[in-house]
Each structure stands twice: as C-alpha cells, then as structure tokens.
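My questions will all concern the structure given below.
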C-alpha cells in the first residue's frame, strides 16, 4: 500500500511536469499566432484528431495540433490520476480535489475548442489561459498533499513576531502573481504585447500617454511586474532572515527569486525582440513556474508555521 | 468502490468520445452565409451613364523599401516554390508605379442610389502558397470563390470588422469555398494562419466604382458625371485622397504619389 501511494505521488508529479510542458506548448501557439491554423474542433481538418496524418502537420498546424494532442495527453493523465486517487486515497477532501482537477481539465478542453470556433475572442482565450494556471496549481497541490513528507507531517516552525504573518505574505504574493498572469494573458490575447514597444521607458516616458486600451493593459502588466517583484523580494527577505534554517521554506523562496529575475529579463527581451517566439514563450512558462513555486511556498507556510507551538513538539523541533 | 470505478469509466468514455468524434478528411468548406441577399432594389443606377473615364498612375518616389523575406521551410510543399517567392508582396513597384493599390470613389455618389450587384463571381486562388491576386475589389453580396490549387492545407480566414469573420479549412487541392460580404469594408484582410506569409486584401463596396492598380501602377475608373473624392489605399503606405470633377464622356487623369516615408493608416 505504501509503495502504491508513493507511486501515486510520483504519477501526480509527472502530471504536473506534463502540465508545465502543456503551458509551454500553449504559449507557442500564441507566440507563433497559430491558434486558428486548424479551423475546426474537436476534429482537425475533418480528421479524427488522433488520426490526423503527421505529414500534414505543416506551418502553424504543427503548433496548434501539437497543443491539442499534448492537452489530450494531460487530460488522459488527469483521468488516471483522479481514478487512482479515488481508489487509494483515504482523505475525502484530496479525492474531491482530484475530481476538481478533472473537472477543470475538461472545462479547459471545452474552452480551447470554443476559442477556436469563435475565432479567438479575447475573453475566452484569457479565461483559457487563466484556467490553465489554476489547473497547474491544483495538480501542484495534489502532488504536495500526496507527498510522504506532508502525510507524515511537516516540521513545525514557530512564527516570528511580525506585523504580517509569513502565511499572509506568501498568500498575498501568490495572489499578486496570479493577478499578473491574468494581465499577461489579457495582454497576449488582446494583442497588446507591443502596444508599448520600448523598455525600460514606456513610449518614451516613465508613465506613457494612455492613448488606447492596449497601452493601458500593457502598462498595467509592467506595473504589476514591479509589484510582484517587490512582493517576492519581501517574501524571500523574510524567509532568509527568519526561516533560513528551514529548507522546505528557504529553497522554494530562493527558486522563486531566481525565477522572477529570469522572468524580468525575458519580459524585457520579449519587447526588445518584438515578440520573438522563444523569449515570448519561455516568458509564459516562467510565469507559470513563478506561480507554482509561490503557491507551493504558501501551502508549506500554512502547514509549517504556527503562532503557538504545541508543547509536545517544542522540544523535538 | 464499484460505484466510483463506474463513475470514472463513464466520464472517461464521454471525454474520449467528445475528443475523437469526426470522420476522415472532410470536404465541408463553406463559410457561413452572410446576412442579406444579393439583389438590390429601389432606384437602381443605369451603368451606361458611367461614360466618363478617369485614368491615372500610382507613382512611387524614391527607393522602395525591401519586403520581408519569406521563410517557407515549415511546409515542404511550399518550400518547393520558395525560390519563386523569396519575399512578401507588400511593396510591388514596376515602371515607377505602385501595384496593388485599391482605388475607389469614397464620396460624391448621389445619395439613395443603389447599384446592381454583379452575379459574376470574383475569384481568389491559392497557388504555390500565395494568394492570387494579392489585392482585389468587389461589391457587397457579389459571389467570391476561394480556390485551393495547392497540394497542401490552407485555411481561409477573413479578418473582417464590419462583416462576420470566418475561418474555413481547405485541406485538399481543388476545393472551392463560396462566400459573400454583406457590408462595405476597406480593407478586409484575408489570411492563412497555417502559412504566416500568406495575406491578401479585398475592398468591398456598395457601388461599382473601384479598381486595383496594375503593372506600372496604372488604373482606370468609369464614372458618371459628378464631383467625386477618389481614395487610394495601400496596405503599407495608407490612404490618400483627391477630388475630381467629370462631365459626360470626359477623360480626366488623376495621379497619386507615394514614397517610403508614407505611413499606413488603420483603414
């Protein structure tokens, strides 16, 4: 039984990695502007999507059809994950969380189809992108909750006297990152990525003239990047000052710092290269990884940091 | 336990069925029909009155900017024809004249006059992964035939703003899609999302006084007597307008001039 549960945890980890890859492939579809290169859904040029000949994966079809197949694979993994969780998992709330993941992946597939059928309306495409991040966080949560360490109980850490608790700070950071990803998705799907074509200035100013909605959306994404960076630096500073001995907190905080630094460079490169495919797509993936890391850190902070340490644990910790 | 297994097997079956439905290669390619019919009513204009001739040239001053290079390697079929089309057709200058400029009467026509819609279809062909012609004009509700003469897949995507957008698959050589546009729109871009370099522009008008500059940038319009605003539109260099007054059987010349410093406008 123990082996099976570890296997389930590893399977969910694999599903999480495949989801990150799927987000990368989805980013490729928008970066190469291939979203409408396959006009029909769920068929592909009239073929059953699983029997569409490889010789016909030409031009933009390669990216769009590849995204559909990768998404189908992740959907299949999610079905297995959910069935497996319901068969083996004792905690009802974990079972229901896996069911929610399955519901999310089905809804995500439908949204993907709708955005093709309705020719990429910005609100459906943005919703599709945001649900992808939500699903990513859900499978991360499942991977955390099914991990042997979580089940045994993570080490308890006494909260330091601060005006804002670490849990609240981490949750606020995750919220800020998610908001930033919504803005990023909105920017991509309203084609506002080059509405401000210069960086670090914005249309030659620190605050650009707001001549169009695209400029507003783009500038909001830049402002949110500053806020997110500040939140992440704050979180990392807090953890390195007060919790640096606790690697379950320190490591994700450090990874998050590195990722956000890479993300800033990628964002600037995206503008400087006029949305070259590689930096633009990696920017999408790195954004998801920042969110995932921040979310993981939040889960651990809530599980580990306590205000009043129980007496029986005080000595042990 | 058995109920749970049954529940998830049922879910899995539904998901697979939804994902996999559909048959083999389909020939279904018709775009959605536009609203409105093709006939015009009311005070229909007598085209024999359009006896004045306006000719002209769209000249290009200076050195034309180089067109973007086309990278066709993403499709082996297109790649076979890459040598014939090394660059995009955005700026095409011959004998000092700019081709593919849409020229049309933008104001001056008597209010309330309607014009008979031609029943002869306008055609655009996809040959060697290029649209032929690159720019063309037509009337509202005039039939448009979109052909695929290539041994590869194309999608025809009309990026319309004043007409319903459509995106139609043409996976097989020889397929023809028929469509119409109900509302005037200039320009109405047509693109292939499979092959990023493929683009064409159509001007849709509710009158018949429009054309596209040909070899040497030349054009000719037949107009009824009147005082008109003539507009020229190019995909890169934008719009220019001129006024012209013509009388019965007049012959007038209207010349436009573009240069590399002209910047395009949104419409």
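The values are calculated or read from the model by the stated rules, or taken from the named source; none is laboratory data. All of these numbers come straight from a predicted model, not from anything done at the bench. Here the Cβ is made from the backbone with ideal geometry for all residues, glycine too, and neighbour counts use every protein chain on show.
Which residues, taken from the stretch A:42-53, are more than 7 Å from chain B (Cβ to nearest Cβ) and surrounded by 19 or more Cβ atoms within 10 Å (Cβ to Cβ)?
Matches in the stretch A:42-53: A:44, A:52.
State the number of residues belonging to the stretch B:165-195 that are surrounded by fewer than 19 Cβ atoms within 10 Å (Cβ to Cβ), without any contact (Cβ under 8 Å) to a residue 40 or more places away in the chain and in a loop (DSSP other than H, G, I, E, B).
3
Considering only residues that are surrounded by fewer than 22 Cβ atoms within 10 Å (Cβ to Cβ) and either more than 19 Å from the chain's Cα centre (by Cα) or within 8 Å of chain B (Cβ to nearest Cβ) (or both), look in the stretch A:59-76 and name the one that is farthest from residue A:125 (Cα to Cα).
Ranking the candidates gives A:76 first.
Can you name the number of the only condition in (1) closer than 30 Å to residue A:150 by Cβ; (2) at pLDDT 95 or above that residue A:51 fails?
For residue A:51, the exception is condition (1).
Conditions tested, residue by residue: (1) surrounded by 11 or more Cβ atoms within 10 Å (Cβ to Cβ); (2) modelled with pLDDT of 85 or more; (3) within 14 Å of chain A (Cβ to nearest Cβ).
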position	(1), (2), (3)
B:6	no, no, yes
B:18	yes, no, yes
B:22	yes, no, yes
B:44	yes, no, no
B:62	no, yes, no
B:77	yes, yes, yes
B:96	yes, yes, no
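Is it the case that residue A:35 is at the interface with another protein chain (Cβ under 8 Å from one of its Cβ atoms), under 25 Å from residue A:286 (Cβ atoms) and touching a residue at least 60 places away in the same chain (Cβ under 8 Å)?
Judged against the criteria, residue A:35 is a match.
So, in the stretch A:157-188, how many residues would count as being surrounded by fewer than 17 Cβ atoms within 10 Å (Cβ to Cβ) and over 30 Å from residue A:280 (Cα atoms)?
Count: 7.
Also: Which of the helices (runs of 4 or more DSSP H) contained wholly in the stretch A:200-317 include at least 3 residues that are at pLDDT below 95 and loosely packed, with under 14 Cβ neighbours inside 10 Å?
A:311-314
Given the conditions (1) away from every other protein chain (no Cβ under 14 Å); (2) touching a residue at least 40 places away in the same chain (Cβ under 8 Å); (3) outside any strand (DSSP E or B), report the number of the one that residue B:162 does not fulfil.
(2)
For residue B:70, are the conditions met, namely being within 14 Å of chain A (Cβ to nearest Cβ), closer than 24 Å to residue B:187 by Cβ, surrounded by 12 or more Cβ atoms within 10 Å (Cβ to Cβ) and at pLDDT 50 or above?
yes
Separate question: Test residue A:153 against the stated conditions and say whether it is out of contact with any strand residue (DSSP E or B) (no Cβ under 7 Å at 6 or more places or on another chain) and in contact (Cβ under 8 Å) with a residue 40 or more places away in the chain.
no
Only residues that are crowded, with 21+ Cβ neighbours inside 10 Å and within 25 Å of residue B:219 (Cβ to Cβ): list them for the stretch B:145-158, please.
Across the stretch B:145-158, the qualifying residues are B:146, B:158.
Another one. If residue A:80 passes every condition in (1) more than 7 Å from chain B (Cβ to nearest Cβ); (2) touching a strand residue (DSSP E or B) at 6+ places or on another chain (Cβ under 6 Å) but one, which one does it miss?
Among (1) more than 7 Å from chain B (Cβ to nearest Cβ); (2) touching a strand residue (DSSP E or B) at 6+ places or on another chain (Cβ under 6 Å), the lone unmet condition for residue A:80 is (2).
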